[in-house]
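Here the structure comes first, spelled out in structure tokens, and everything after it is commentary.
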Amino acid sequence: YEDALLFVEAAFNQESDGNDQWTKESDKIIQQKQVTYEILPDGTWKDETASAWFGKKIRISLSVPNGLKGFVYLFVHDWNGLHRDGSIKIENRNFSIGKHENGKWIRLDFMREDTQDGEIIIELDCSKGPNLMVTKLALIQRN
């Protein structure tokens with residue numbers, strides 16, 4: 001993801017295992033250019049397997065250059081096999097998550113029309129299992 005405008009590993013820097021509240025400092029920002037982000041999860045989780053933002057509902061707000069087009073990639077992971085599932089909405093377009101026990105990258109396209117206000121809103125909604133868990137986020141610009 002060397003071409004990413006943003007690449008984040010969720011809660012990677014969280015000090016201790018278990019639940020915590022989200023802070024940007026708990027995330028590992030691998031790459032960040034021209035894009036900022038805010039996450040509204042129920043919290044963060046870290047254990048010996050992975051770390052994640054988690055929630056019944058998770059809202060991701062990305063501040064981007066006006067007119068940008070590209071892709072947002074989210075890595076969702078149900079590593080403890082609790083049959084998590086749900087949907088993702090980006091700028092009023094809905095997508096199903098499906099099974100993701102082994103982890104799954106989901107690619108969400110966005111167009112210039114989506115970013116005329118300088119913002120991309122992504123909402124995840126859990127329909128099965130205790131919550132959804134997002135472990136990574138990347139934003140790639142498209143020409």
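Every number in this text was worked out from the coordinates using simple rules, so none of it is lab data. Bear in mind that the values here come from a model prediction, so they are computed numbers and not experimental data. Note that we place each Cβ from the backbone using ideal geometry, even for glycine, and neighbour counts take in every protein chain shown.
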Q: Starting from the amide H of ALA11, placed 1.01 Å from N in the peptide plane, find each other amide H under 5 Å away whose residue is 5 or more places distant or on another chain.
A: ASP27, LYS28
Q: Quick one: Debye curve from the alpha-carbon atoms of the range 7-91 only, equal weights, vacuum; give me log10 I(q)/I(0) at q = 0.21 Å⁻¹ to two decimals.
A: -1.13
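If the limit is 21 Å between Cα atoms, which of LYS69/LYS99; LYS24/LYS99; LYS57/LYS128; LYS28/LYS104; LYS56/LYS89; LYS56/LYS104 go over it? Walk me through the numbers before you get to the answer.
Numbers: LYS69/LYS99 28 Å; LYS24/LYS99 28 Å; LYS57/LYS128 12 Å; LYS28/LYS104 19 Å; LYS56/LYS89 14 Å; LYS56/LYS104 18 Å.
Where the Cα-Cα span goes over 21 Å, the pairs concerned are LYS69/LYS99; LYS24/LYS99.
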Q) If you bin the C-alpha pair distances of the chain every 5 Å from 0, what whole percents do you get? A) 2, 10, 21, 24, 20, 14, 6, 2, 0
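Going by average Cβ density within 10 Å per residue, which order do the peptides 90-96, 29-35, 73-79 take, highest to lowest?
On the way: 90-96: 12.9, 29-35: 14.4, 73-79: 20.3.
Top of the packing list down: 73-79, 29-35, 90-96.
Which number comes out as Rg/Rh for the range 81-143 once both Rg and the Kirkwood Rh are worked out on C-alpha atoms? Please list the in-between numbers first.
Values: Rg = 13.0 Å, Rh = 13.0 Å.
Here Rg/Rh amounts to 1.00.
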